[in-house]
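Q: Okay, handing you the structure first.
What follows draws every value from the coordinates through simple rules; no lab data is involved. Source: prediction; values computed, not measured. Reconstructed Cβ throughout: ideal geometry from the backbone, glycine too, with neighbour counts over all protein chains shown.
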Ligand code: AHM
Ligand code: MG
């Protein structure tokens, strides 16, 4: 079977990028081991006013330390940090954007959560999603799975007992499926979103929503459909963050033939102003994205 190293070599991945991807992917092992000791909530909130899980903080500090020691990364923008972390002693100029532990409300119920990563060249974390050099996520489910793109399509690896990632699928294509998940309380949905959900339900779409974006995205990647975290009354920007969550997963979606939008525009074209910028998110199969954009137009 092809290992992660063999895949990166075969695809002529630059040396430092290869080291960086492998280094990050390996952190799935200590992060998984930290689940038992970090089950509870910490007594702190992140800058979004969300209570931090102990594992959120543990994974955040762990990955930042590993990246700092590697000297491969000049800047890190993390969902759990108030500011961009600068590493002046770095010898490479990659920038990493990350959600160290996405889906943290599910840690205590042992449902699937993951680590989301985007990698840019040229030292800056505040770039458009379409300019990502690589995007990946590790999913801590029954298996530890790595989904990766280095701008050459999407592939999925699984971690074996020897700590080696083995290629399970290459050239992953997101089908036109019928799964959907949506965040936001129903009474707070805006009219266009309610209409979209009504239409796709009438057309046979089936609800699948766990509360972990990365896990919900993974099943959309495999089976097709749409994941939504919409604008809602009183929260016109929704909940999810453009830089740490939407862009890496949207980039993977696009590499697999899917798309991402805020309802009006391709999110990968949006230049972030600040690391903590929020955005409504619709990500999934091409046909679903076309449909929500048509409905938004009808209602505007
Ligand atoms: P997190 O990064 O702190 O886990 O927050 C983001 C999560 C997403 O993974 C998930 O889709 C969403 O928040 C769930 O929110 P809600 O509980 O409002 O449905
Ligand atoms: Mg998150």
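Q: Relative contact order of region 136-273, please, whole-number percent, based on alpha carbon pairs below 8 angstrom and at least 6 residues apart.
A: The value is 23 percent.
Q: Give me the percent of DSSP beta bridges within region 4-169 that run antiparallel, rounded to the nearest 5.
A: Antiparallel bridges make up about 85 percent of those DSSP assigns within region 4-169.
Q: Rounded to the nearest 5, what is the percent of antiparallel bridges among the DSSP beta bridges in the chain?
A: 80 percent
Q: In what sequence do 295, 21, 47 fall when counting other Cβ within 10 Å, fewest first?
A: 47, 295, 21
Q: Would you kindly compute the Cα radius of gyration of region 54-117 and its largest Cα-Cα separation (Dmax), both in Å?
A: Every Cα atom of region 54-117 included, Rg and Dmax give 12.6, 41 Å.
Q: Then there's this: Pairing the Cα long axis of helix 286-298 with the longest principal axis of the chain, what angle in degrees results, from 0 to 90 and rounded to the nearest 10?
A: Approximately 50 degrees, to the nearest ten.
Q: Report, to two decimal places, the Cα Rg of the chain normalised by 2.2 N^0.38 Å (N = number of residues).
A: Against the empirical 2.2 N^0.38 Å value, I get 0.95 for the chain.
Q: Normalising by the residue count of region 4-169, find the relative contact order in percent from Cα pairs under 8 Å and 6+ residues apart.
A: 16 percent
Q: A follow-up question, please. For a paramagnetic label modelled at 7 Å from the Cα of residue 206 toward its Cβ, which residues of region 278-300 fall within the zone defined by backbone nitrogen distances under 12 Å?
A: Answer for this model: none.
Q: Between the alpha-carbon centers of region 220-252 and region 66-85, tell me the distance in whole angstrom.
A: 23 Å
Q: Relative to the first principal axis of the alpha-carbon coordinates of the chain, what is the inclination of helix 191-202, with its axis defined by its Cα atoms, in degrees from 0 to 90 and to the nearest 10?
A: The angle comes out at about 90 degrees.
Q: Fewest to most neighbouring Cβ within 10 Å: what's the order for 226, 36?
A: 36, 226
Q: Averaging sequence separations of C-alpha pairs under 8 Å and six or more residues apart, then dividing by the length of the chain, give the relative contact order as a whole percent.
A: 16 percent
Q: Here is a follow-up. Cut-off 10 angstrom, C-alpha nodes, Gaussian network model of the chain. Which of 184, 114, 257 fluctuates the most?
A: 184
Q: I'd like the orientation of helix 54-70 relative to the chain: the angle between its Cα long axis and the longest Cα principal axis, in ° from 0 to 90, rounded to 10.
A: For 54-70 against the chain, the angle is about 50 degrees.
Q: Could you pull the Cα extents of region 4-169 along its three principal axes, largest to smallest, in whole Å?
A: Principal axes ranked by extent give 44, 36, 27 Å for the Cα atoms.
Q: Please report the spacing between the Cα centers of region 132-171 and region 15-54 in Å, no decimals.
A: 17 Å
Q: Pull out a ≥ b ≥ c, the square roots of the eigenvalues of the alpha-carbon gyration tensor of region 179-298, then state rounded if a/c is under 1.5, prolate if not and a/b is larger than b/c, and oblate in the remaining case.
A: Since a/c stays below 1.5, the shape of region 179-298 is classed as rounded.
Q: What is region 108-213 by shape, rounded, prolate or oblate, if you read a ≥ b ≥ c off the alpha carbon gyration tensor as root eigenvalues and call it rounded for a/c under 1.5, prolate for a/b larger than b/c, and oblate otherwise?
A: Prolate is the answer for region 108-213, as a/c is 1.5 or above and a/b outweighs b/c.
Q: As a check on your grasp of the helix formula, calculate [θ] at 222 nm for the chain: sum -39500 (n - 2.57) over DSSP H runs of n ≥ 4, divide by the residue count, round to the nearest 500.
A: Only helices count here, giving -8500 deg cm²/dmol.
Q: With a 10 Å Cβ neighbour count serving as the proxy for reagent exposure, in which order, fewest first, do 60, 93 appear?
A: Sorted ascending by nearby Cβ count, the order is 93, 60.
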